[in-house]
Each structure stands twice: as C-alpha cells, then as structure tokens.
Amino acid sequence: MQLDTIQTMAIAMLAFALGAFIKNKFEFFKKFFIPSPVIGGLLFSILVFIGKRFLDMTIDFDLSLQDFFMNVFFTSIGLAASFKSLKKAGPLGLKLSLLIILLLPLQNILAISLAYLFRINPLHGLAMGSTSMTGGIGSAISFGKIMEALGASNNISIGVAASTFGLLIGSLVGGPVARRLIRVHKLETLGKSQIEGRKTFQNLDQKSLMKAIILISLAGLLGIFINKVLALTRLNFPYYVGLQFAGLIIRNIFDLLKKDVGMKSVETVGNISLNIFLSLALINLNLTAITDLALPMFIILISQAILIGLYTSLVSFRLLGANYDAAVMAAGHCGVGLGQTPNAMANMEAIIEEKGPSDLALFIFPLVLAISVNLFNPLIISLFMNFLS
C-alpha cells in the first residue's frame, strides 16, 4: 500500500489524536510524560508490524514533510537559547550547565563500550547514549538517519525505543536519588530564594504567530550558510544543527537590542511542529530491529540509569553545594539525563511538594537546559559519530 503526502499526514494526525485520547484516559501516561505522538505512533507501528509479519502487507508512507517539521522544531529550540538568561542563573547555573555537559560523553562512552562487548554496531551504542538519553526522541531520529547512512541499519528505531525507555525510567530514578540525599545528609528546605522569575503575559494571535514564523524562516535562511561552514570541517552534522545555531544567533541579537522575540509564539510553532514530526516518524517505526536487540538494549539502558544515579549523587549534588537545593536539582538532572525537560521539572516538583520549597532550583534549571543540552549535545554526538565511522 503506497500512501501519498496527504494520506500520510492524515494517518499521522490520527495517530496523534489517538495518543492524546489515550493519554487523557490513563494516568500512567500523564505521570511519566509520554508524548501523545509517541503513544499513538507506537500503536500504529505495532499494527503495521503485525500486518507485515502475519498478513504479508506493507505500507509505504510518504515522509517528505518529516524533515521539514523537524527542522522547524529545532530552529525554535535555537531561538530559546539566550545567553542573557543563562547569565541570570549566575555561577550556580554555570556549574549546573557544566555538569550536564560533562555527563554527555560519559553516557556515550558507556553505551559504546557495552555495544563492543555485545558485538553490535558501536553506532547502535551511540544511539543509546546521549543521542537518545539526554537528546530525546527528536535527536534519536535526526541523528539516526545519518547513522543509518553510515551503515548502522535500523538505528532510528533503536534510538526511539531507548528514548521511550528513558521517559519512563527518568521519572523513576530522580525521586529516590533526591530522597536518599536528603535523608543521609539530613537536609532541610532553605525556604524561598531571593531570586524570582518574572512571567510576562504574551498574546497568542495571528500577528504574534506570523512573527514567530518569520523569525524561524530567517533563522532557517541563515542556517543554510552556517551548514555550509560546518561542511568545511568534513564532519557529519545533522542539517538542523546549522539552523539551531542560527536561531541562537538571532535570539541573542534580539537580546542585545532589547527586543522581544515572543517566545510563547515561537514555542507554540515549535511544539506543533514537534508533534507532527514525531507522529510522522513513529508511524513508520521498524519494531523488528528492537526485538532483535532486546537483551543488549535492556542491559545498556539499565546501565545508563545506574550511571546517572551515581553521577548525580556523587558529582552533581556535591558541586552544586551539597544542600537541599542541590538535592532537588540532582533529581532534575536525573529527569533530563534520561528523559526530557518535563521529567526534570516533575521530579523537582515532586520533591518540593513533599519536602518543601526550592525556588532556586525551579528558577535555574529551565534557564540552563536550553543551552547546555540543545547546543552542546549535537556537537558531542557528531564528534563521537564521526570518530566511530
């Protein structure tokens, strides 16, 4: 069965709608922040897998729009990377950023080493490293395409499966780590910090959305030239890296000129693009690749969970001050190191609800993530990928 662009989009949007419906019905999916396109897309991919395996039926999707929406999303992420905001976080924010960045190569070294041990393609190991753990599903898909071109077949499916596992385990590791630190070191909340984040109201209308689309488009145009410069290095970078850097440049120019980017509208366009991109990617997920590597994948991903539990307890907690706020941020680091930003925020809020306020942690963490993860992780993945290939 051959589907054209419109038919593929329709299937993808049905998958998203189904995923949203299921997520609203079952608390489990809300608790672990499983995205709606992941839920619906996996269900559709299971149906496609059953049809291919037992009914000798294959479906060929037209995924020509997948890269477009992926690039729009990552460009919007670049527009969120404000050095001015990072400066507000102060020395503690810089320490947190350094801790997050240092974990990235450790995740890759662990996963690649175990891949060699199991005699599987080391690029599959990289897909189960920071590519999927800290990078998330979008990173797993975008880098997976390049790794497949380098000979690591079915790399996208492996990366997506690892990311989904990370979403689940990221919400399970952070809480116990923080509670143990609080208990062992007899920590207590310091009360509200003196730092207060000011939230400004922004209209979301046709005018603001058009401004966001214009900014994303201009960043895309600038990103083309940045990609040409990156190509001179003779290293393989995903196309979105240049767009992300372009978004970062435009955002910080706006900050210098004291102009408002309108992040609410940019985030809205980016999030819609992310949902469409994930829906398109996941309806076409190859589940056969996951079943073939089930045991090595499970061991590698459990090892990642153990690594981040030890790292946040022994390194992050101590470097961030070894106090209550540091314990809360350690829980957040577990969430983002295995899952995504919502996992991190939920981990911290769960500790705060139980043990007391930590406004410092809630203020610093979101500011740091945009730059430390989204800017540095693609570079580190690219270096490992080019070395292995």
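The values are calculated or read from the model by the stated rules, or taken from the named source; none is laboratory data. Keep in mind that this is a model prediction, so the values were computed, not measured. For neighbour counting, all protein chains shown are included, and Cβ atoms are generated from backbone atoms with ideal geometry for every residue, glycine included. Only protein heavy atoms, including side chains, enter the accessible area calculation; ligands, DNA and RNA are left aside. Shrake-Rupley method; radii C 1.70, N 1.55, O 1.52, S 1.80 Å.
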Margin query: Rounded to the nearest 20 debye, what is the charge dipole size of the chain about its Cα centre when +1 sits on each Lys and Arg Cβ and -1 on each Asp and Glu Cβ?
Written below: 940
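How large a share of the accessible area of the chain, in percent, is made up of carbon and sulfur atoms when the probe is 1.4 Å and the other protein chains stay in place?
On the way: 11910 of 18130 Å².
So the carbon and sulfur contribution to the accessible surface is 66 percent.
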Check: Which residues in the stretch 9-26 have a backbone N closer than 12 Å to a point placed 7 Å from the Cα of ASP62 along the Cα-to-Cβ line?
Finding: 9-10
Item checked: Modelled label reach - ALA294, point 7 Å along Cα→Cβ, the stretch 154-173 residues with backbone N closer than 15 Å -> none
Check: Taking Cα centroids, how far is the stretch 20-68 from the stretch 172-190 in Å?
Finding: 37
Item checked: Straight-distance crosslink candidates among lysines, where the alpha carbon sits under 26 Å from LYS145 and sequence neighbours closer than 8 are dropped -> LYS52, LYS228
Margin query: If I model a spin label at PHE21 and LEU102 as a point 7 Å from the Cα along the Cα→Cβ vector, what separation in nanometres do I get?
Written below: 4.9
Notebook entry, point to check: Sorted by accessible area (1.4 Å probe), largest first, how do SER153, SER273 line up?
Noted result: SER153, SER273
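Which loop chymotrypsin sites (Phe, Trp or Tyr not before Pro) in the stretch 17-85, with loop taken from DSSP, have no more than 16 other Cβ atoms within 10 angstrom of their Cβ? List each step's numbers first, then the result.
Values: sites: PHE21, PHE26, PHE28, PHE29, PHE32, PHE33, PHE44, PHE49, PHE54, PHE61, PHE68, PHE69, PHE73, PHE74, PHE83; in loops: PHE26, PHE32, PHE33, PHE61.
Of the chymotrypsin sites (Phe, Trp or Tyr not before Pro), the ones in loops of the stretch 17-85 whose Cβ has at most 16 other Cβ atoms within 10 Å are PHE26.
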Check: For the cross-link pairs LYS23/LYS84; LYS84/LYS264; LYS84/LYS211, which exceed 28 Å when the distance is taken from alpha carbon to alpha carbon?
Finding: LYS23/LYS84
Check: Please state the equivalent ellipsoid semi-axes for the stretch 321-389: what are the square roots of 5 times the Cα gyration tensor eigenvalues, largest first, in whole Å?
Finding: 29, 11, 10
Next item on the list: Set Lys and Arg Cβ to +1 and Asp and Glu Cβ to -1, take the dipole of the chain about its Cα centre, and tell me which of ALA178, PHE16, ILE34 lies farthest positive.
Entry: ALA178
Margin query: Could you check the spin-label model distance between PHE387 and LYS228? Points 7 Å from the Cα along Cα→Cβ, value in nm.
Written below: 3.1
Item checked: Alpha-carbon centroids, the stretch 205-226 and the stretch 141-157: separation in whole Å -> 28
Next item on the list: Starting from the Cα of LEU235, step 7 Å toward the Cβ, then list every residue of the stretch 350-376 with an amide N under 14 Å from that point.
Entry: 375-376
Check: How much area per residue is accessible in the chain when the probe is 1.4 Å and only protein heavy atoms are counted (Å²)?
Finding: 47
Note to self: If you count only protein heavy atoms and use a 1.4 Å probe, how large is the accessible surface of MET57, to the nearest 10 Å²?
What the structure shows: 80
Checklist line | Solvent accessible area, Å² - SER389, 1.4 Å probe, full protein context | finding: 80
Margin query: As a test of reading the structure, rank ARG318, ARG251 by solvent-accessible area (1.4 Å probe, protein chains only), most first.
Written below: ARG318, ARG251
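With N denoting the number of residues in the stretch 17-142, provide Rg(C-alpha) divided by 2.2 N^0.38 Å, to two decimal places. Spell out each step's value before the answer.
Details: Rg = 19.0 Å, N = 126, 2.2 N^0.38 = 13.8 Å.
Scaled against compact globular proteins, the figure is 1.38.
Over the stretch 202-310, what is the relative contact order in percent, taking alpha-carbon pairs closer than 8 angstrom and at least six residues apart?
Details: 51 pairs, mean separation 31.3, N = 109.
After rounding, I find 29 percent.
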Next item on the list: On a C-alpha basis, how far is the centre of the stretch 297-361 from the centre of the stretch 83-129 in Å? Whole number, if you could?
Entry: 15
Notebook entry, point to check: Which of the lysines could a cross-linker span from LYS186 if the Cα-Cα distance has to be under 19 Å and same-chain partners fewer than 8 positions apart are dropped?
Noted result: LYS355
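Could you tell me whether the stretch 240-378 comes out rounded, prolate or oblate from its Cα gyration tensor? Rule is a ≥ b ≥ c as square roots of the eigenvalues, rounded for a/c under 1.5, then prolate if a/b exceeds b/c, otherwise oblate. Please list the in-between numbers first.
Details: a/c = 1.94, a/b = 1.03, b/c = 1.88.
Here the stretch 240-378 falls in the oblate category.
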Next item on the list: Please sort through the DSSP H helices of the chain and keep those with an alpha-carbon extent of at least 24 Å along the long axis and a Kyte-Doolittle average not below -0.5.
Entry: 5-25, 36-54, 90-117, 155-184, 206-231, 239-256, 263-282, 294-311
